[in-house]
1. Say whether the condition of being in a loop (DSSP other than H, G, I, E, B), open to solvent by less than 30 Å² (accessible area, probe 1.4 Å) and in contact (Cβ under 8 Å) with a residue 40 or more places away in the chain is met by at least one residue in region B:322-330.
2. Take region A:18-37 and flag every residue that is buried (at least 19 other Cβ atoms within 10 Å of the Cβ) and either under 20 Å from A:Glu74 (Cβ atoms) or at the interface with chain B (Cβ under 8 Å from one of its Cβ atoms) (or both).
3. When the residues of region A:38-56 are narrowed to those that are within 8 Å of another protein chain (Cβ to nearest Cβ) and assigned to a loop (DSSP other than H, G, I, E, B), which ends up surrounded by the fewest Cβ atoms within 10 Å (Cβ to Cβ)?
4. Of the numbered conditions (1) assigned to a loop (DSSP other than H, G, I, E, B); (2) touching a strand residue (DSSP E or B) at 6+ places or on another chain (Cβ under 6 Å), A:Ala35 fails exactly one; give the number of that condition.
5. Quick one: count up the residues across region B:153-207 that are among the charged types (D, E, K, R), open to solvent by 10 Å² or more (accessible area, probe 1.4 Å) and more than 28 Å from B:Gly310 (Cβ to Cβ).
6. Select from region B:71-100 the residues that are over 18 Å from B:Gly25 (Cα atoms) and charged (D, E, K, R) and write down the one among them that is farthest from the other protein chains (Cβ to nearest Cβ).
7. Using the structure shown, decide if B:Lys12 is of a type in the set (D, E, K, R) and more than 13 Å from chain A (Cβ to nearest Cβ).
8. I need a count of the residues in region B:202-260 that are of a type in the set (A, V, I, L, M, F, W, C) and under 21 Å from B:Val365 (Cα atoms).
Amino acid sequence: MRVKLLKDIEGAKAGDIVTMAHADAEQRIARGEAADLGEASVRVRFLSSVEPTRLDPQRYEAGSEWIVPESRAEELLAEELVDLVDLDAAPASYPLED
Amino acid sequence: MLTPLRSKLFDKMVSAHLVRPKAGGGATTLTANAAASATLLALTSPTGFTDTDPVLVGAGEDRELVVQTGAPSGNNINLFAPGLKRAHVATEAVTEGIAFDLGAVSATQLDESVESSPIPNDNLRNPEGTIIGHAVLGPRLTVQGWSPQLFALLNGIQLANVLGAGTQADPTQLHCDGDEFGVEDSAIVLTSLLDDGTYLREEFDACGHDYTGMQIPFGQGRPTELVTKFVSANNKQVISALPSYAADVTYRAGKGDQLESLEDISLLEVDGAGFNTTTTANIAAGANSVTVAAITNMAAGDWGVIEGGGRKQVVWLESAVTLTVTFRTRMKYAFPSGATLKELKFIPLGGLNKDTSLFKVGGSVRPVVFDNQRVQAGVRPGSTDFMLSVQPTSHTIDMLRRQWGLPAGAVSGNTLRFSNLIGTDSPIGWYVRCTTKAQKTAIFVGSDCDNALAELTRALQKDNQQGLAMNFRCKVASQLKY
């Protein structure tokens, strides 16, 4: 899990972006020692329209482009609802160390 | 695990933050649609956006708070998890925010509720079940302390309305006629510490301000508490982590901001022996000087009333030199050349009943509820109502006359006659001066007053200290601090 350290820990300094085990990361986040960076986002183009649901009340029109979380993009790709869009406006580009 | 854990008991509130757009900060639009949970925003311009900025995405009731991580990459900015709460489309506004630490808060209450009605069933004794209706999300905050800026932040007033340099010659000052209230929605972020040293953060987006319970108590030894109810227009999010932005502590309430000592409460009326002139130039809103026809009888520290163009404001003089008058108070409105400027005298109200001296903001706010949305869409500001409420205990003919707004002519010798003239002679204004615990001077002034005569109850009992309840409604309420 990717986190941004808010305090120094062994071998890493506050401000560093590091990857650590999920349980450890959650503990550190809850104690204010790290901040959750979550997953990266990617840009996709919808091949067909997707109707709103209670969980996601947004309607996605066929042909529209959206920035979505990577895991959501994978689901949509698996269902062949979207194409990945390869634009310069690429996903997260801060200096990841993982 | 659902077993109760003592380690997760609430320990204490760590912070209460109010987030608004930053004046002069980054302001741009989205160039691409972004779905809920996205952690990347594509912007038209990333100018002004920096690492750990609070960022407000969307506008009005759809505005939500996220936090930037890292410097912009090209025109993109990355967000801390969990990213966006809801989807936003290209061209929606993106604004750099600023989180104000509200400092000492007490009695924080989550007056949240969800409508639920039983589903009746004649075949069963119990209802068939429950149907869920609209939900109200938002906290009621009690902030311990007062400053014009805090008052503005808590009432949805833009900070641009707070003027002045914080000196006696130019006090920090806020002049309100009601139109300022509820103009600026805010995000509220409450962070709590649990017993095991972990945190719980509750974020309320696009909160409307229910200012109708706001009071400033003036009595000795009464905590200065500013109470506002916030109603989120769209969302609440709970995260087990500290906020990842840094809060601005400039207006943080502290013990020094308590109004510790009430020095003076007076009514203001025109002094027939004082200065009486007219302006010879227009004076703009926010300005503090004007040329006049004469400066006879004017002295630094005098109070007066400027009246013209259908408006009236109590003013405080700093100097009068060669027909130029400089005021310590700024103008709420523009006044035209030819406006009258008359001196005011103070009618002190002595022996005030305990815990009865208050400045109260009343009025109304209207809940916004839509059939196709579960969460109440905030509140709309309705009316405001500014009132000074006091209870002087001097049962004199003159005080009774002023309580009922009767003219001086209603007094004949030692007799006060009530008549159709009730409420026809109100003071020009009212004046309250306090000293804060940090030894700052706090002045509250009401301009253009009327007696509010509803419910003037007075118990004639020998064992109480019943005062003469007086309520003065004013058109412009001013707050000064230096």
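1. First, the residues of region B:322-330 that are in a loop (DSSP other than H, G, I, E, B): B:322-323, B:328-330.
Okay, now just the ones that are also open to solvent by less than 30 Å² (accessible area, probe 1.4 Å), so B:328-329.
Next, from what is left, pick out any that are in contact (Cβ under 8 Å) with a residue 40 or more places away in the chain: B:328-329.
Yes, that holds for at least one residue.
2. Of everything in region A:18-37, those that are buried (at least 19 other Cβ atoms within 10 Å of the Cβ) and either under 20 Å from A:Glu74 (Cβ atoms) or at the interface with chain B (Cβ under 8 Å from one of its Cβ atoms) (or both) turn out to be A:Ile29, A:Ala30, A:Gly32, A:Ala35, A:Asp36, A:Leu37.
3. A:Asp56
4. Going through the list (1) assigned to a loop (DSSP other than H, G, I, E, B); (2) touching a strand residue (DSSP E or B) at 6+ places or on another chain (Cβ under 6 Å), A:Ala35 breaks only (1).
5. Quick first cut of region B:153-207, residues among the charged types (D, E, K, R) only: B:170, B:177, B:179-180, B:184-185, B:195-196, B:201-203, B:205.
With open to solvent by 10 Å² or more (accessible area, probe 1.4 Å) added as a condition, the list becomes B:170, B:177, B:179-180, B:184-185, B:195-196, B:201-202.
Next, from what is left, pick out any that are more than 28 Å from B:Gly310 (Cβ to Cβ): B:185, B:195-196, B:201-202.
Total satisfying the criteria: 5.
6. Looking at residues that are over 18 Å from B:Gly25 (Cα atoms) and charged (D, E, K, R), I get B:Lys85.
7. Details: of a type in the set (D, E, K, R): yes; more than 13 Å from chain A (Cβ to nearest Cβ): yes.
So B:Lys12 fits the description; yes.
8. Of the residues in region B:202-260, the ones of a type in the set (A, V, I, L, M, F, W, C) are B:204, B:206-207, B:214, B:216, B:218, B:226-227, B:230-231, B:233, B:238-239, B:241-242, B:246-247, B:249, B:253, B:259.
Checking the rest, the ones that are also under 21 Å from B:Val365 (Cα atoms) come to B:204, B:206-207, B:214, B:216, B:226-227, B:230-231, B:233.
Final tally of qualifying residues: 10.
The values are calculated or read from the model by the stated rules, or taken from the named source; none is laboratory data. All values reported here derive from a predicted model rather than from experimental measurement. FYI the Cβ positions are ideal-geometry reconstructions off the backbone, even for glycines, and counts take in every protein chain you see. Heads up: the accessible areas ignore ligands, DNA and RNA and are worked out on the full protein's heavy atoms, side chains in. Shrake-Rupley method; radii C 1.70, N 1.55, O 1.52, S 1.80 Å.
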